[in-house]
Every structure is written in C-alpha cells, then in structure tokens.
Amino acid sequence: MGPVGSEGSDPASVRDSSAAGSRGEFILLGIPDVNGSIRGKALRPDAFEAAMEHGTVMTDLLLGLDPVDVPIADFERFGIRTGAADLLVRPDPGTLRELPWRPGWSVCLATPRWPDGTACAFATREVYRSTLEDIAGLGFEVMSAVEYEIRLWDANGSPMSSGISYSLDEIGRYERFVSGLVRALEGLRIELSAVHTEAGPGLLELNLGPGRGLSGADDAVLVKFAVKQLAASMDLRASFLAKTAPGEEGSSGHVHLSLWNGSMNVFAAPDAGHPIPPVFAASVAGVLEHLPAASLLLNPTINSYKRLVPGWFAPTNVSWGYENRSCAVRVIRSARPELWRLECRRPGADANPYLALAAIGASAADGIRAAASPPSPVEGDAYARTDLAELPGSLESAIRAFEGDPAFRHALGDSFSEYFTTSRAWELKAWRETVTDWERARYERAV
C-alpha cells in the first residue's frame, strides 16, 4: 500500500473541478447514508456552481431512511420525528468525478451541516472524518483500501462463473464487464489493480488501490455505485449482499489499513521476518479489543451473519496471525515497507465503508493510546481454536456487544452511536415482523 496523494480542495483544484463539472449535463451531488448508499440530487451546472458558493438544501431524512426507504421513526432527534428538517450541503470539490458510462454526467460527494453551521454527527462520512482527525492527533495518517467480493448474474439470472476460485479460464466470462469497469473507474480516478474469480458461483473479487484519509472510503463507496450502475447498463445484476445462497461462500469487504507519518509507513519493520513494530502491535491489540462491538458496523444487517460461519474464510473469533486467512485480523509483512499492513477480514461487502473504516481506525487509535499488546498470534486454523473468544453471531448479539463497549461508542460519537443502535434495532424489528418462505415451507404441514 504505497503512498497515494489525498484528494485536495486547494483553490486550484476547486477551480479545475468546478470547471470540469460545468461542461456536463448534470452533476450528481450526494451524501452517503447510513447503509452506504449515495443519496442526493442531480444538479445542472449553474445550480452546482451556486452550491459550491452557497451550499444547497437537502432534507436530513436522507440520513434517516432504512434500506427500503422507510423512515427510521424510532429515533427522535432528527429525520421524520423532527419534521425532516433542512441540511445545508456543500460539495467536496476534490471528489468531483466523471461518469464514463453516462457521458456528460459527473458525481460529487458532499459535506452536510446543520443550518447553524455545526457538523452533522449522523452523517457516516463525517463519522469517519472525525476518526481520521483523532488519528491525526496521534501523529498518523490512515492509508486504506477495501477489497470487494461481488456477485454477478447474466440477463437470464445465471451466475457468470461456476465458483472456481482464481480460475484463469472463467475470468474471461467477465471480460465485457471488467473492461467496462476499468474505464468507469479510470473516469472516477480509482485504481483497480486486479480481479479474480472466487469460490462461489458468480463471485468476483475486486482489488482496489489504496488511498489516504477519506479517499480510501470515498473510492469504496463510488466503486459500489459504479458496479451497480455499470452492471445494470449491461443487463447484468450485481450484488454486494453478504450471503446470497446457503452452502456457498459469501461476499466479503476486507479492509486493508496502515498508518503513515509523511512518506513513512509506521507499520513497517526493517525486514519481512522482523516482529511488528510497537505502533502496529498496539493497533492490532486495539482492533481485537473492540472487534465484538465493531461487528455492529462491520456486519450491519440480518443477512451479514449468514456469511460468518466456520470454513468459509469468514472469521468467527477474536484472532490475529501472520499471513493467516483464518483469523479476523491478518498481519501482512513484506520486503517492501509500503506493503506492511493489517487486513481486517470481518467486514462483509454489505458494510458501509465509512463506518467499517471508522470502526477499525477508532479501535487502532485506542490501542495506540493505551500502548496495548496483542496476544500471541494464531498459527494454523483459527476456527479450530476453542480457547479464543467468539465474535457476535447475530445482529442481536452485535447490538449487545456494542452497547457493552462505552469507550468504543464514545470514540465514534455518542449521538451517532445512539442513532446507529436504533437503526439496527429497527432492522431487527422489521425482520421479526416478516414471515419468510422458509418458515412456511418448514412448518406449515407439520404444526
């Protein structure tokens, strides 16, 4: 994970970005919501220029909707319960990108504030921004990348590959999609370094280049947007659902993260055989300490926990190891200093990337402040270790773990943590009120 320049907002970049947007038909101005979807407006160039100078108004309800667009009415401090009040939204010009699959259109992420100018603590991009500021106070900058496993079906609803991992024969079935995705991500200024098939029908892994600060999460949310848009334009269907079918491998969203001081990766040691440095060790210890609570953000849906079963390379216990893919945290060493990093393998592809990175970053920062030390690394199969603490196996247990870790909740922001807990309880309520086909098929004749 070599150094990558962060997207700036200096006056020159603002002028260049604004001019680029003004040549197009529409600029999509959006805010990532609690689920990681981008919500907002399509602005004409003149309206975008006005938003750059004065901001534009959007309802705070955009941050208070569930996955099927129902207002999360159990939370009383914003959204539908307070009248869906205004947010003042300003474009972040460093994120203005072209949409090659939609010529003349662009997308730009935005920063929402309350009308009095105060920060909106309920916006997930701002939660991660706060975490980055906390880490900066320790003297470090985050470098991160997300690797996504996505599922793709063709126009007939058939998986685009059979489920053979790393198959050079079957990767050709994705040629049209991948070629289009390369062009799409180049327009979005996102590096796609590699793709390969995975061990599930229609499962394709995307390896993204790293980014500093917010750009790592911005790239991830724009990749999810691009994949879905591009697939639909090709009469394909793409999914980031953590588990789409029983008995098959799920879709992960592994997070790779390192900390930097200028051009130096502080996670790196003199050589690949050397133990990890104290800052790296403390970061691992912090991530492990808060991983049960962090699971609520890394695995935020009912479906998330159907991926987290032993034997499917989805971690189920508090564990770390060197180059050990059965662990929750995999430590990666290299002869190249820029490549030393941790990989948190707990997140699914369904995680909001801002919240996943905020959870891991806040945990690492807590470990650094405490000068914490991790336990001994796991050697061999972590799933076989009965002495390791289990991670939450359901959304209910993840909520309990989150509620039982006040330091972690405070690190994310007390107001946001209260809202996020309510939003996850809202998901549980929706699930409990649902009668599934499985229940009918299993019980109807027997009871």
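The values are calculated or read from the model by the stated rules, or taken from the named source; none is laboratory data. Computed from a predicted model, the values in this text were never measured in an experiment. When we count neighbours, we look across all protein chains shown, and the Cβ atoms used for this are built from the backbone with ideal geometry, even at glycine. Keep in mind that these areas ignore ligands, DNA and RNA; they rest on the heavy atoms of the full protein, side chains included. Shrake-Rupley method; radii C 1.70, N 1.55, O 1.52, S 1.80 Å.
Looking for something under 22 Å from the mean Cα position of the chain (by Cα) and surrounded by 11 or more Cβ atoms within 10 Å (Cβ to Cβ) - is there at least one such residue anywhere in segment 366-378? Yes - at least one qualifying residue is present in segment 366-378.
Taking segment 388-405, which residues are open to solvent by less than 90 Å² (accessible area, probe 1.4 Å), assigned to a helix (DSSP H, G or I) and over 17 Å from LEU355 (Cα atoms)? Matches in segment 388-405: GLU396, SER397. Residue count for segment 203-243, restricted to those that are touching a Gly at 6+ places or on another chain (Cβ under 7 Å) and of a type in the set (Asp, Glu): 1. Among the residues of this structure, ALA282 counts as one that is of a type outside the set (D, E, K, R) and either open to solvent by less than 10 Å² (accessible area, probe 1.4 Å) or closer than 23 Å to VAL227 by Cα (or both). Taking every residue in segment 233-244 that is closer than 13 Å to GLY157 by Cα and part of a loop (DSSP other than H, G, I, E, B) and pairing it with any residue that is of a type in the set (Ser, Thr, Tyr) and open to solvent by 20 Å² or more (accessible area, probe 1.4 Å), at least 6 positions away or on another chain, yields no pair with a Cβ-Cβ distance below 6 Å. In segment 367-381, the residues that are in contact (Cβ under 8 Å) with a residue 60 or more places away in the chain and under 28 Å from ILE135 (Cα atoms) reach residues that are assigned to a loop (DSSP other than H, G, I, E, B) and of a type in the set (A, V, I, L, M) with C-beta atoms within less than 6 angstrom, at least six apart or across chains, in these pairs: ILE368/LEU138.
Flag set for SER304, criterion: surrounded by 24 or more Cβ atoms within 10 Å (Cβ to Cβ) and more than 20 Å from ALA145 (Cβ to Cβ). Among residues of segment 63-90 that are free of Cβ contacts under 8 Å to residues at least 60 places away in the same chain and under 16 Å from ASP33 (Cβ atoms), none has a beta-carbon under 8 Å from a residue that is open to solvent by 60 Å² or more (accessible area, probe 1.4 Å) and among the polar types (S, T, N, Q) at least six positions away or on a different chain. The requirement of being modelled with pLDDT of 95 or more, on the phi > 0 side of the Ramachandran plot and not acidic (Asp, Glu) is not satisfied by GLY393. The single condition among (1) of a type in the set (A, V, I, L, M, F, W, C); (2) assigned to a helix (DSSP H, G or I); (3) touching a residue at least 12 places away in the same chain (Cβ under 8 Å) that CYS108 does not satisfy is (2). Note on segment 261-352: no enclosed strands (runs of 3 or more DSSP E) hold 3 or more residues that are touching a Phe, Trp or Tyr at 6+ places or on another chain (Cβ under 6 Å), among the hydrophobic types (A, V, I, L, M, F, W, C) and more than 23 Å from GLU249 (Cα to Cα).
As a summary of the residue check, ASP69 satisfies the conditions (1) at positive phi; (2) open to solvent by less than 20 Å² (accessible area, probe 1.4 Å); (3) charged (D, E, K, R) except for the one numbered (2). Looking at segment 51-81 only, could you name the residues that are touching a strand residue (DSSP E or B) at 6+ places or on another chain (Cβ under 8 Å) and of a type in the set (Asp, Glu)? Scanning segment 51-81 gives a single hit, ASP60.
For the condition farther than 27 Å from LEU204 by Cα and open to solvent by 30 Å² or more (accessible area, probe 1.4 Å), PRO310 does not qualify. Restricting attention to segment 128-178, which residues are open to solvent by 50 Å² or more (accessible area, probe 1.4 Å) and in a helix (DSSP H, G or I)? Correct list: ARG129, SER130, GLU133, ASP134, ALA136, GLY137, ARG173, GLU175, ARG176.
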